[in-house]
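Each remark here refers to the structure printed beneath this line.
The values are calculated or read from the model by the stated rules, or taken from the named source; none is laboratory data. All figures in this text were calculated on a predicted structure; none of them were measured in a lab. Note: ideal-geometry Cβ built from the backbone for every residue, glycine included; neighbour counts use all protein chains shown.
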Amino acid sequence: MKLTAKDIETLHYHINEKQIPYIEVRDEVLDHYQTALEQEDERSMKDVLAELDQTFTNSYCKEIADSYINQLRNEYPDLLKKKLIEMFAWRRLPITVFIVGVGLSFPYFFSNAKSLVHILNAFVLGLMAIETYMLQYSYPKRKTKHHYRLVDDKPTLARIQSRSLRGLGFLPGTIYLLLFFPLLFIYLGDIEGTGNSFLFNPPYIYSICLLTGLLVLFQIASFEVSKDRIKPRLQ
């Protein structure tokens, strides 16, 4: 059957009722339904949907989503390690050295330790926001017009939610804690106190600048891993 714009909208609402939490899984289920409908010439849309629903129950869709996110999380540490190693390959080494060098040069451009700490934290938060936006932009089906009602829970990209803290996955959180730690003393403590001065002088201030450069490399590797994630499998 040839689906009209109204039929497609109805199909979207029908899939939304299954409350699939991840966009990738939702779109695969949607494609499966739409293909089945377009290949049907005799039965009505209602009958075809009823037959498909016998397989794609809400519990089965949840099972697919859970299996998909677990698979992504399990493979994330190894893929991340592989991408990070590639950052130090000869063809990419100049860019890697440049990024780390820029990180180490921050103290020369911002001699005030308080300003430097604020700039580093703002830079890292901005970097994470940019990566999230780029992942959404790089999603192959981002131009698909999805139809939602007010009662529908909009799904999110599994590739963004699937970053595991295992292996090298703990690195960004650890680095950000080291960056955030001096802010506590700026706003809650005495920045000039003898017990806190080490946070705003070498080697600590240089180490967090170096770690910021490494975090940029990590975000690039993480983006490349997340961008190339596999599609969910529908049985």
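Per-structure values
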read-out	value
Residue within segment 176-188 that is loosely packed, with under 13 Cβ neighbours inside 10 Å and at pLDDT 75 or above present	yes
Residue match in segment 59-75 (condition: surrounded by 12 or more Cβ atoms within 10 Å (Cβ to Cβ) and assigned to a loop (DSSP other than H, G, I, E, B))	no
When residues of segment 134-171 are limited to those that are β-branched (Val, Ile, Thr) and touching a residue at least 12 places away in the same chain (Cβ under 8 Å), the one farthest from Ile8 (Cα to Cα)	Ile160
Breaking point among (1) over 30 Å from Leu157 (Cα atoms); (2) at pLDDT 65 or above; (3) in contact with a helix residue (DSSP H, G or I) (Cβ under 9 Å, 6 or more places away or on another chain), for Phe200	(2)
Scan of segment 76-119 for residues that are of a type in the set (Lys, Arg), surrounded by 14 or more Cβ atoms within 10 Å (Cβ to Cβ) and within 22 Å of Ser226 (Cα to Cα), ordered by number	Lys81, Lys83
Qualifying residue in segment 132-151 (condition: within 25 Å of Ile85 (Cβ to Cβ), under 23 Å from the mean Cα position of the chain (by Cα), hydroxyl-bearing (Ser, Thr, Tyr) and modelled with pLDDT of 80 or more)	yes
Residue within segment 163-173 that is touching a Phe, Trp or Tyr at 6+ places or on another chain (Cβ under 6 Å), at pLDDT 70 or above and polar (S, T, N, Q) present	yes
Residue in segment 1-19 that is touching a residue at least 12 places away in the same chain (Cβ under 8 Å), within 30 Å of Leu168 (Cβ to Cβ) and assigned to a helix (DSSP H, G or I) present	no
Long-range neighbours under 7 Å by Cβ, at least six apart or interchain, first residue more than 24 Å from Arg159 (Cα to Cα) within segment 77-97, second surrounded by 13 or more Cβ atoms within 10 Å (Cβ to Cβ) and among the aliphatic types (A, V, I, L, M)	Thr96/Met87; Thr96/Leu217
Failed item, numbered, when Leu157 is tested on (1) surrounded by 15 or more Cβ atoms within 10 Å (Cβ to Cβ); (2) modelled with pLDDT of 80 or more; (3) closer than 30 Å to Pro94 by Cβ	(3)
